[in-house]
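The values are calculated or read from the model by the stated rules, or taken from the named source; none is laboratory data. None of these values were measured; they are calculated from a predicted model. Note that we place each Cβ from the backbone using ideal geometry, even for glycine, and neighbour counts take in every protein chain shown.
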Amino acid sequence: MTFRLQKTPEHLLYFFAFIMPFTFSVWQVLLNNYVVDYASFTGKEIGFLQSIREIPGLLAFASIYLLLFFKEQSLAIFFLALMCIGVGATGCSDQVSALYGMTFIMSVGFHYFETMNQSLTLQWIPKEKLPTFMGELMSLTAIGSILSYSLVWILMTFYNTSYKSVYLSACLIGLFLLSFVYIYFPQFKNKTEQRKKMILRKKYWLYYVLTFLSGARRQIFMVFAGFMMVEKFGYSVQEISILYIGNYAVNIFLAPKIGNLITQVGEKNILTFEYLGLVLIFSSYSFVENKIIAAVLYVLDHMFFGMAMALKTYFQKIANPEDIASTAGISFTINHIAAVIIPALFGFLWLKSPSLVFGIGAGMSFCSFLFSRMIKIEH
């Protein structure tokens, strides 16, 4: 089977699906070790940094107003480039204030790109093809992440490369690929003119609730599950890299199957299974004392997270076509309301009881399960 690059919206989205994780994964995999080694962070400081990282996500609703002046495709490329620059600058920031500042810049690029990218995906890809296509995107995301983690592991294991050099390398590779994207792909037209104002609709209320709970729950995984690996179990950069490679190696093969499964059994059943699985995983985090078992739970957690694509396909099925861009921004804001609060607040709670942090995550997953049983899709 051969792949021929074409100037189509689908292939542009393929590039986005590779470039973003390749660059961002370097920032992610090095962060916990970097802040511990260079800034002596505890759970309190890492929680505060992660809260700063989520502020642009809280402000994602404002992205709709940029569409008054710029095309979504151009904005997606610009903000992805900004994210790359923020990642590169992180390696030059060994002071706490500089780390906070570069994290904010990187995050503006990341969240505004993701808002545009989600909107373009839902607009460009037909409903009947979306689950399968999103599975393909997740596979490409996994490949980009694996290459990124492998690069980190090789550079730091065999060449003793500095954090700064690794961060800058990721930045330059990302900007090079984006330059090609900007030159090669034309501006694609959207099928439906998008509303350029904020819209909250009553009929989307269940999607809003599930999005809010997803954001809250995911922060506990993103911030504290990874931090636990370093603080409690003493994982090195190389070990964290291997763990992340394992995560995404599974997703390369699993993501397309999840996409096909959504088409076969529906969003309601997929999300129900995801949330019940997360109840068990977060409960297990509270008591785990073995680093190998903790790593298995981490990989399983990431596998279940892949099922969250069903929430996006659910929204596409219930949404008015002209609402997609505005609701993409609003959903990112809703997703990040708890995300801004939880890392800092739970950072203090972590100092007293890490088990309680994960216990709350299990409770949030159970609430998501209850709401997922209310999903109804009219065909």
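Taking the numbered list (1) touching a Pro at 6+ places or on another chain (Cβ under 8 Å); (2) modelled with pLDDT of 90 or more in turn, residue 141 passes all entries but (2).
Sub-6 Å Cβ pairs linking a first residue in the range 117-129 that is within 20 Å of residue 64 (Cα to Cα) and of a type in the set (Phe, Trp, Tyr) to a second residue that is surrounded by fewer than 20 Cβ atoms within 10 Å (Cβ to Cβ) and modelled with pLDDT of 85 or more, at least 6 apart or interchain, are 124/9, ordered by first then second residue.
Checking 122, 151 one by one, the residue that is crowded, with 21+ Cβ neighbours inside 10 Å and more than 14 Å from the chain's Cα centre (by Cα) is 122 and no other.
Identify the residue in the range 181-210 that is free of Cβ contacts under 8 Å to residues at least 60 places away in the same chain and under 22 Å from residue 116 (Cα atoms) and, among all such residues, is surrounded by the fewest Cβ atoms within 10 Å (Cβ to Cβ). Selected residue: 183. Looking across 67, 13, 82, one residue alone is surrounded by fewer than 22 Cβ atoms within 10 Å (Cβ to Cβ), closer than 24 Å to residue 184 by Cβ and modelled with pLDDT under 90. It is 67.
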